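Here is the structure we will look at, set down as structure tokens.
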């Protein structure tokens with residue numbers, strides 16, 4: 001199956017680049033396309049300066065556009081979006097398919113002093129649940145935010161689901177390039193599944209930091225190998241995944257068998 005990662009800077013209310021890249025992906029036979037975080041919305045630090053009504057207006061507009069694009073091009077589009085309900089903002093990942101739309105509300109948010117999403121957004125703080133799982137043409141996918149990739153519990157919850165590919169929108173910055181690549185490749189190997197990461201590009205400057213978003217969207221194999229990756233420019237990465245490769249990797253390494261023998265998850 002062909003899937004794709006679209007690496008862009010923040011687009012605001014403009015949809016021209018989305019249209020152009022999605023048309024190209026459609027012509028190449030792409031079935032699932034993933035966008036990075038804070039592409040359809042301004043970066044988190046910019047969001048803090050906006051009114052809730054403006055954030056909601058932007059969300060309604062982006063939802064409408066992405067529903068149309070998914071339906072027109074018969075493609076599932078994964079897009080991080082801010083939802084506004086009763087005057088409160090929630091950080092979510094939307095799944096737009098030709099026939100329906102669903103949302104995964106991020107369960108663990110960054111809470112560092114210089115980047116405190118947990119304080120700004122109203123997402124619940126509660127025991128972790130299984131991330132959103134869905135199936136397309138016999139392939140099973142799961143959604144997880146970049147930050148959630150750090151937590152073992154999500155992978156324990158996903159293990160019985162036999163996921164072929166985890167889709168990870170992210171917004172990595174500063175000097176974290178090598179650390180992120182190592183994390184993604186390790187997670188793919190230990191769980192013997194593909195991981196497709198979509199990171200954004202561009203930058204944001206405040207009085208304290210220069211937030212450079214370096215791209216490096218990538219595809220990791222079920223054997224923990226780097227199959228494809230992008231640089232730091234606007235680009236569409238089209239890749240192919242195979243269910244047979246996932247099964248082959250699980251048989252070869254036997255991690256799941258070792259746990260199943262001991263009746264552990």
In region 36-65, how many are surrounded by 21 or more Cβ atoms within 10 Å (Cβ to Cβ), in contact with a helix residue (DSSP H, G or I) (Cβ under 8 Å, 6 or more places away or on another chain) and under 28 Å from residue 238 (Cβ atoms)?
3
Can residue 187 be described as surrounded by 20 or more Cβ atoms within 10 Å (Cβ to Cβ), in contact with a helix residue (DSSP H, G or I) (Cβ under 7 Å, 6 or more places away or on another chain), part of a strand (DSSP E or B) and modelled with pLDDT of 95 or more?
no
Result of the Cβ filter at 6 Å on region 16-33, keeping first residues that are on the phi > 0 side of the Ramachandran plot and partners that are at pLDDT 95 or above and loosely packed, with under 15 Cβ neighbours inside 10 Å, at least 6 apart or interchain, is 29/2
Of residues in region 160-180 being outside any loop (DSSP other than H, G, I, E, B) and under 15 Å from the mean Cα position of the chain (by Cα), the one surrounded by the most Cβ atoms within 10 Å (Cβ to Cβ)
168
If the requirement is being under 26 Å from residue 151 (Cα atoms), without any contact (Cβ under 8 Å) to a residue 40 or more places away in the chain and surrounded by fewer than 19 Cβ atoms within 10 Å (Cβ to Cβ), which of these qualifies: 112, 104?
112
At least 1 residues that are more than 20 Å from the chain's Cα centre (by Cα) and closer than 25 Å to residue 116 by Cβ in each: list the helices (runs of 4 or more DSSP H) lying fully within region 1-99 that qualify.
44-47, 52-73
Please indicate, with yes or no, whether at least one residue in region 143-156 is in contact with a strand residue (DSSP E or B) (Cβ under 8 Å, 6 or more places away or on another chain) and more than 22 Å from residue 42 (Cα to Cα).
yes
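The values are calculated or read from the model by the stated rules, or taken from the named source; none is laboratory data. Computed from a predicted model, the values in this text were never measured in an experiment. All Cβ positions, glycine included, derive from the backbone under ideal geometry; neighbour counts span all protein chains shown.
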